[in-house]
Each structure stands twice: as structure tokens, then as C-alpha cells.
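Only one structure is covered here, and it is reproduced in the block below.
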Amino acid sequence: MVDGTEQAKGFLNGPGGDTHLGLPVSGYRPQTADKVETVNANKEAEEQILRILDGLAGRPEVDKRWLAIGRTHIETGFMAVNRAVFQPGRVSLPGDVPALAAETVTDTAPQDLRSRGEPRVPRRDEPLPNGRPHP
């Protein structure tokens, strides 16, 4: 059992060292200190790049539209990298079948979805429905 002091600090002592509590947001889970350190380093690198872009925004010869596009792609890239580290899970929605809602989607999610009958895009080496050719 964890006492309130450890929880108030935002981490639990678990196997492999300190584990930080997940955000109180659905899908987020506790994270190791190493993962938190990695994402914090990524956030610092992102901030350094964004400050360079802020400087470019003040220059009249810089195309603001392309600068905005570049900034968005950089922010999206860092978000994707941080999600790769933290790996937030999927959440249950009202009306979900209880057995499915309790599952944790893992790296085998595409296979899991196929086993539930979810639609998917056929691979290039698979025929399309009704014998249509691939584009």
C-alpha cells in the first residue's frame, strides 16, 4: 500500500526504481523515471527549436505560411515521439462491450481489431472485395 506522502510527490516506488503516477487522464498510466527523463529532454529540445522559429517569425522575408506549416510538423513530430515513449492506452466508451473495454490494446492492435471483425484496408497482395484491382 502506498501512503499519501508518496502519492503527493507524484511517484511510487516500484520494480526498477521510481515510477511516476500517470496523469489523471483516461488512457495514461504510471511511467518510469527513465521515460519521464526522456520526454523531458525531448520537450527541452522542442522548446529550443520553437524559439528559433519564433525568431524567424519576426523576419519580414520569411514566408509565414510555410513557417507555420513547418512549426506544426515539428510539434506533431515531437508529440509522436513522446507518445512512442509514454504509450498511452485506449479508453472505454459508454456502450462498449465489457469484455472488450477491459482489454489493453498492445502492439498487436491491428490483429486484435481484425479478430473483432473491424474493417481494415487489404494489403497490396490481397484481393479487394468484389474482385476489384488495387489502384
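Which number in (1) modelled with pLDDT of 95 or more; (2) among the small types (G, A, S); (3) within 24 Å of T19 (Cβ to Cβ) marks the one condition that G77 misses?
Among (1) modelled with pLDDT of 95 or more; (2) among the small types (G, A, S); (3) within 24 Å of T19 (Cβ to Cβ), the lone unmet condition for G77 is (3).
Here's a check for you: in the stretch 1-39, which residue that is over 16 Å from the mean Cα position of the chain (by Cα) and part of a loop (DSSP other than H, G, I, E, B) is modelled with the highest pLDDT?
L21
Kindly list, by first and then second residue, each pair from a residue in the stretch 41-68 that is part of a helix (DSSP H, G or I) to a residue that is surrounded by 10 or more Cβ atoms within 10 Å (Cβ to Cβ) and among the polar types (S, T, N, Q), limited to pairs with Cβ atoms under 6 Å and residues at least 6 apart or on different chains.
N42/N82
Restricting attention to the stretch 24-42, and to residues there that are among the β-branched types (V, I, T) and out of contact with any strand residue (DSSP E or B) (no Cβ under 7 Å at 6 or more places or on another chain), which single residue is surrounded by the fewest Cβ atoms within 10 Å (Cβ to Cβ)? Working first, answer last.
Taking the stretch 24-42 as the starting set, the residues that turn out to be among the β-branched types (V, I, T) are 25, 32, 36, 38-39.
From what is left, the residues that are out of contact with any strand residue (DSSP E or B) (no Cβ under 7 Å at 6 or more places or on another chain) are 25, 38-39.
Working: V25: 8, T38: 17, V39: 18.
Checked the stretch 24-42; the qualifying residue surrounded by the fewest Cβ atoms within 10 Å (Cβ to Cβ) is V25.
Taking the criterion of being in contact with a helix residue (DSSP H, G or I) (Cβ under 7 Å, 6 or more places away or on another chain), surrounded by 14 or more Cβ atoms within 10 Å (Cβ to Cβ) and at pLDDT 95 or above, would at least one residue in the stretch 58-68 satisfy it?
There is at least one residue in the stretch 58-68 that is in contact with a helix residue (DSSP H, G or I) (Cβ under 7 Å, 6 or more places away or on another chain), surrounded by 14 or more Cβ atoms within 10 Å (Cβ to Cβ) and at pLDDT 95 or above.
Would you mind stating whether P135 is over 21 Å from L23 (Cβ atoms), modelled with pLDDT of 65 or more and not in a helix (DSSP H, G or I)?
No; evaluated as a whole, the condition is false for this residue.
The values are calculated or read from the model by the stated rules, or taken from the named source; none is laboratory data. Just so it is clear, the structure is predicted and the values come from calculations on it, not from any experiment. Glycine gets a Cβ as well: all are built from the backbone with ideal geometry, and neighbour counts include every protein chain shown.
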